[in-house]
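The block underneath contains the structure these notes are about, expressed in structure tokens.
The values are calculated or read from the model by the stated rules, or taken from the named source; none is laboratory data. Since the model is a prediction, treat every value here as computed from it, not as a measurement. Don't worry about glycine lacking a Cβ; one is built from the backbone with ideal geometry, like all the others, and counts go over all protein chains shown.
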Amino acid sequence: MLLPFLKWAGGKRWFADRCMHLVPETFERYIEPFLGSGAMFFALRPKQAILSDLNDDLINCYRAVRDAPMAIAEMLAAHHTDHSEDHYYRVRADKPDDPVMRAAWFLYLNRTCWNGLYRVNRKNEFNVPIGTKTAVVLDSDNFAASGRILRGAELENRDFEQTLALAGDGDFVFVDPPYTVKHNLNGFVKYNDRIFSWADQVRLRDAVVEAAARGASVLVTNANHASIREIYDGVGCMEVVRRASVLAANSKHRVQTDELVVRTWLPARPIVTDTALAVEAMS
């Protein structure tokens, strides 16, 4: 199994490991409008895909791995040799203009910052402090293989609505947005440079309904919250899965969390609450 080369807050490696039974058996094209670590994409290895995200640095990283995987590996090896607290903060303060160098910069910070978070300040400057992990080059790295798989994907920096508008008959759409709930901006929001609002959640629901009406099979993961269940009521089959949150700095505060899964291609039925998946959610 080819593992994602990025860590991401709310990453779905745990979902790819444990929940493939929720994916349609066959589909022609894979679409993911909130790319993040791309765990589902790498697990499925589709021949055709549309991958998008609003994070320009993220999409640039994927394009560079697709187009120049060996250069990325060499630059990461140099960062691995030089890694220290001083090196981290020097690199963090000096974002390259060259796309391939910027991708290596992004990957290095992703692997050595606190919990693999992506967060920027009001000047759009990455500002996450150094973390405890020191490995920049990983045993699981296979940028050549990742690049080959990515050659079949369109990689776009854009809003989710534009990507979902392309979904139709024969497509499988995996939708994993920031978990904002009504009246409460929860913890995931602060890790995004653009706040994903409740209005965005409603706009997303509408885009999902429209994509399903055109024949796409859409799977949505979201917070298991009454407000989310309400807006997806009647959209499809709802199920609850459980994962272990690892975002808290103190391990004592890391608790099991329920997440809601909505699948548009199955008849609506009551929520299932006995699927206990006590697994790592951050990968």
### Message
Looking at the structure I just gave you, is residue 219 modelled with pLDDT of 95 or more, closer than 26 Å to residue 110 by Cβ and surrounded by 14 or more Cβ atoms within 10 Å (Cβ to Cβ)?
### Response
yes
### From 122, 92, 63, 102, residue being over 20 Å from the mean Cα position of the chain (by Cα) and surrounded by 15 or more Cβ atoms within 10 Å (Cβ to Cβ)
92
### Matching residues in the stretch 130-149 - criterion: being more than 18 Å from residue 42 (Cα to Cα) and either in a helix (DSSP H, G or I) or touching a strand residue (DSSP E or B) at 6+ places or on another chain (Cβ under 6 Å) (or both)
131
### Task
Scan 34, 27 and give me the residue that is under 29 Å from residue 133 (Cα atoms) and either part of a loop (DSSP other than H, G, I, E, B) or at pLDDT 95 or above (or both).
34
### Task
Scan the stretch 5-32 for residues that are crowded, with 22+ Cβ neighbours inside 10 Å, under 12 Å from residue 43 (Cα atoms) and out of contact with any strand residue (DSSP E or B) (no Cβ under 8 Å at 6 or more places or on another chain) and report the count.
1
